[in-house]
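Only one structure is covered here, and it is reproduced in the block below.
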Amino acid sequence: MAALISENFKFAALFFKSKDVVIFNGLIALGTVASQTAYNIFAFECPCSSKRNYLYGVAAIGVPALVFFIIGVILNRNTWDLVSECRIRKFRKLSGAAAFALLGSIVGRAVVAPVTWTVISLLRGEAYVCALSEFVDPLSLENFPSTPRGLNVMARFPCKDVPVEMLRFWGEIERQLKYESQLLGWLIVALLSVMIFLLQCLKRCCSPLGYQQEAYWSSYRVIEHSLFQRTADAYAKFQAAKSVKNFFGFVALEKEENDLMSECQDAKNVIPSLEWNRITGVYLYRENRGTPLYSRLIKWSSYTTENNIEATEKEMGMLY
């Protein structure tokens with residue numbers, strides 16, 4: 001049973017990795033919706049106090065969105081490619097177009113969860129009602145009782161902690177604020193939809209590749225990353241086993257690991273840091289005499305195979 005579950009999990013992971021990033025973004029959005037719903041049901045509690053309502057409402061919308069954005073930036077591989085580019089090459093070969101495309105990719109993926117959280121918060125309206133209830137003008141409400149306490153009274157409406165004669169106005173106040181909140185949420189959705197459409201058009205117009213080649217490039221990057229990680233893990237295990245064996249005189253390996261060690265006999269003893277740096281960093285697209293180079297690893301392999309040291313030194317420092 002455990003093996004069956006493991007195989008099904010691996011299949012699901014492979015399925016989602018092989019699909020377009022839209023599926024992944026959709027899963028993030030659904031997870032964010034679930035989190036936002038759970039928060040509103042189990043944790044949201046308006047303080048119903050003047051000056052605190054606004055801070056709490058804004059924090060309930062903005063702080064989780066900010067946290068989701070930071071997490072999205074951290075989990076994006078392009079972020080660390082950019083950091084590596086800064087450390088290794090000091091952005092000497094990074095053009096403005098490449099920087100714009102890279103930052104757009106990082107921000108575009110990182111904002112999925114924050115935008116979803118913000119829009120769902122606005123469409124539900126609880127946080128907005130809590131934040132702005134104290135700013136509702138009592139004079140805008142017909143036959144509202146006059147009171148010297150002003151904001152303090154209006155701030156207690158979300159908790160219905162007001163005199164009985166005022167409680168009947170709560171429905172009208174809530175409808176007015178939810179109307180504003182939901183209108184703002186739909187405006188954000190409309191604006192983002194138009195922006196995404198225009199950016200996709202710009203991307204297609206500026207891309208040097210056709211649609212089919214773009215799809216191939218996307219699949220290649222996923223597969224190369226997966227194979228590279230698995231091979232790197234095996235290489236690390238091989239090197240660790242050699243070091244442990246040199247220290248103890250033997251190494252305790254399982255049968256599968258023994259088979260792996262026998263397959264790794266032709267592995268390099270040490271990969272110089274220069275070689276690691278050459279395959280690390282920002283990369284968009286480049287061709288070598290008409291041959292597509294879809295990654296830094298392909299570019300490294302192409303120029304290394306030609307055994308042209310001068311060309312290798314020159315090209316491996318370039319972005320595209």
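Every residue in the stretch 272-310 that is at pLDDT 85 or above, among the small types (Gly, Ala, Ser) and not in a helix (DSSP H, G or I), please.
Passing the criteria: only 295.
For the stretch 23-57, enumerate the residues that are more than 25 Å from residue 109 (Cβ to Cβ), assigned to a helix (DSSP H, G or I) and hydrophobic (A, V, I, L, M, F, W, C).
41, 42, 55
Would you check which residues across the stretch 154-175 are among the acidic types (Asp, Glu) and part of a helix (DSSP H, G or I) and list them? Show your work before the answer.
Step one: of the stretch 154-175, the residues among the acidic types (Asp, Glu) are 161, 165, 172, 174.
Of everything in the stretch 154-175, those that are among the acidic types (Asp, Glu) and part of a helix (DSSP H, G or I) turn out to be 165, 172, 174.
Is it fair to say residue 160 is charged (D, E, K, R) and surrounded by fewer than 12 Cβ atoms within 10 Å (Cβ to Cβ)? Even if it seems obvious, please write down each step before you answer.
Details: charged (D, E, K, R): yes; surrounded by fewer than 12 Cβ atoms within 10 Å (Cβ to Cβ): yes.
Judged against the criteria, residue 160 is a match.
Of the residues 124, 77, 89, only one is surrounded by 13 or more Cβ atoms within 10 Å (Cβ to Cβ) and at pLDDT below 90; which?
89
Hey, does the stretch 214-227 have a residue that's modelled with pLDDT of 85 or more, over 29 Å from residue 90 (Cα atoms), of a type in the set (Ser, Thr, Tyr) and open to solvent by 50 Å² or more (accessible area, probe 1.4 Å)?
Yes, the conditions are met somewhere in the stretch 214-227.
Looking at this structure, is residue 19 farther than 17 Å from residue 118 by Cα, among the charged types (D, E, K, R), modelled with pLDDT of 75 or more and open to solvent by 40 Å² or more (accessible area, probe 1.4 Å)?
Criteria not met by residue 19.
The values are calculated or read from the model by the stated rules, or taken from the named source; none is laboratory data. Model, not experiment: these values are computed from the prediction. Cβ sites come from the backbone with ideal geometry, for glycine too, and all protein chains shown count toward neighbours. Please note that ligands, DNA and RNA were not included when accessible areas were found on the heavy atoms of the full protein model with its side chains. Shrake-Rupley method; radii C 1.70, N 1.55, O 1.52, S 1.80 Å.
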